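Values in this text are rule-based calculations from the coordinates and carry no lab data. Please read these numbers as outputs of a predicted model, since none were measured by experiment. Cβ atoms come from the backbone with ideal geometry, glycine included; neighbour counts cover every protein chain shown.
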Amino acid sequence: MDAACENTGLGVRDVWEQAINYYCDQLGIPEQMPLDNAHDPIPRPSEPAADPSALKLITARLEPNTRARLIDGCHLEGLGGQEFIPQALNAWFDHLDQSGQS
């Protein structure tokens, strides 16, 4: 995450916002979401981490629309937030590498 922030010039929150929105675009999730579910809980992981002590907890306060898209994406993919966000980050990093933006 440190390298991503350094390479993009963005903070953690903005990296997450960009990655989640990029990945949700790829999944066909509407750009503007009704915000009635923006305060719903983000789905939990489908399986517990193999070694929870090896995880580094990073949190970021998302814009309500991005949070609603995250929740919708989790439900669409059948993933918890802890599984969905790394997929979104990896997809966005791959996109940046392929487009020469990283």
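Model label points for Leu10 and Leu35, set 7 angstrom from Cα along the Cα-to-Cβ axis, are 2.1 nm apart. For the range 3-46, what is the Kirkwood estimate of the hydrodynamic radius, computed as the reciprocal of the mean inverse distance between distinct Cα atoms, to one decimal in Å? Its Kirkwood hydrodynamic radius stands at 12.4 Å. Size check on the chain: the Cα extents along the three principal axes, sorted descending, read 36, 35, 21 Å. The ranking of Thr8, Thr59, Thr66 from fewest to most other beta carbons within 10 Å of each one's beta carbon is Thr59, Thr8, Thr66. For the range 14-22, the Karplus equation 6.51 cos²θ - 1.76 cosθ + 1.60, evaluated at θ = phi - 60°, returns couplings of 5, 4, 4, 4, 4, 5, 4, 5, 4 Hz by residue, with Gly and Pro reported as x. Remark: Asp94, Asp72, Asp2 ranked as Asp2, Asp94, Asp72, counting other beta-carbon atoms within 10 Å and listing the fewest first. Taking 0.36 nm per residue of sequence separation and removing the Cα-Cα distance, the Met1/Asp25 pair yields an extension gain of 6.5 nm.
With 0.36 nm allotted per residue and the present C-alpha distance subtracted, the Ser99-Glu47 stretch has 15.4 nm of extension available.
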